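Working notes, beginning with the structure itself.
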Amino acid sequence: MELKKTADGSHTLFVPELNETYHSIHGAIQESQHVFIKNGLHYFGDKKTVNILEIGFGTGLNALLTLLAIENSSQKVDYISLEKFPLPNELVQQLNYPTQLKLDTDQKKLFNHLYICEWNALTPITNNFNLLKIDKDLADFQYETIFDIVYFDAFAPEKQAELWTDEIFSKIYDFLKPKGILVTYCAKGVVKRTIKSVGFQLETLPGPPGKREMIRAIKN
């Protein structure tokens, strides 16, 4: 695993075995902010409580940006994230997100709390952000809660094909509330067709820097 700097100055990780990075090389923070916050979390405006399921905790960037987005609001987020291969803390501590996001001392403590809190245990990070990190993959995941949003942040289909199947998207469809959404950076034709085939209403939106399109899928 190698630390890489992306075009907006923020770090991502490169996985030599997959020849793949965790984020867009055009900007890790920009991509996450555009796909998951602007077109995911903010889709629900000031909804009192938002339940989020994330596929791929990775570096924790999406969780951090979600936490920061609601920090000074009355909105509450219950955030569940799946990650079969958690990153070692010593690697996470090298990420430059606190510097790039200009976090103050208290926010840096929250950043650290996201990573060092116990796996498979619900943890209140702040008064309005609860985190449950689960170290298993989606195929093995069962949960009674239904969600408003799924952050689908798996590796690309050609790298992690088993997570881009109709079986997986059908499972996600069942996890969502009516009018719930799935957002993902990937807008390949085969992904669009697969998502539509399980019943989603598909929206193709402008992508983050370096990508023409992204997907938001709405449960009918």
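For the reader, a short list of remarks on this structure follows.
- Test: residue in region 76-84 that is within 17 Å of the chain's Cα centre (by Cα), charged (D, E, K, R), farther than 20 Å from Pro209 by Cβ and in a loop (DSSP other than H, G, I, E, B): yes
- When residues of region 35-61 are limited to those that are part of a strand (DSSP E or B) and of a type in the set (A, V, I, L, M, F, W, C), the one surrounded by the most Cβ atoms within 10 Å (Cβ to Cβ): Leu53
- Only one of the numbered conditions (1) among the basic types (Lys, Arg); (2) in contact with a strand residue (DSSP E or B) (Cβ under 6 Å, 6 or more places away or on another chain); (3) part of a helix (DSSP H, G or I) is not met by Arg216, and that is (3).
- Taken over region 123-134, the criterion of being assigned to a loop (DSSP other than H, G, I, E, B) and surrounded by 14 or more Cβ atoms within 10 Å (Cβ to Cβ) is satisfied by Asn128 alone.
- Any hit, region 26-45, residues being β-branched (Val, Ile, Thr) and in contact with a helix residue (DSSP H, G or I) (Cβ under 7 Å, 6 or more places away or on another chain): yes
- Residue within region 146-159 that is in contact with an Asp or Glu (Cβ under 6 Å, 6 or more places away or on another chain), over 16 Å from Leu110 (Cβ atoms) and modelled with pLDDT of 95 or more present: yes
- Within region 135-156, residues that are in a loop (DSSP other than H, G, I, E, B) have Cβ atoms under 8 Å from residues that are basic (Lys, Arg) in these pairs: Asp135/Lys84; Lys136/Lys84; Asp137/Lys84; Ile146/Lys177, counting only partners at least 6 apart in sequence or on another chain.
- Restricting attention to region 9-34, the residues being buried (at least 19 other Cβ atoms within 10 Å of the Cβ) and of a type outside the set (S, T, N, Q) number 9.
- Considering residues of region 176-201 that are within 17 Å of Leu41 (Cα to Cα) and of a type outside the set (Lys, Arg) only, the residue farthest from the chain's Cα centre (by Cα): Pro178
- Residues (surrounded by fewer than 10 Cβ atoms within 10 Å (Cβ to Cβ) and either closer than 18 Å to Lys5 by Cα or of a type in the set (A, V, I, L, M, F, W, C) (or both)) located in region 96-122: Lys102
- Residue within region 74-89 that is among the aliphatic types (A, V, I, L, M), more than 22 Å from Ile218 (Cα to Cα), at pLDDT 95 or above and touching a strand residue (DSSP E or B) at 6+ places or on another chain (Cβ under 6 Å) present: no
The values are calculated or read from the model by the stated rules, or taken from the named source; none is laboratory data. The model shown is predicted, which means the values in this text are computed figures rather than measured ones. Here Cβ is always computed from backbone atoms with ideal geometry, including for glycine, and neighbour counts include all displayed protein chains.
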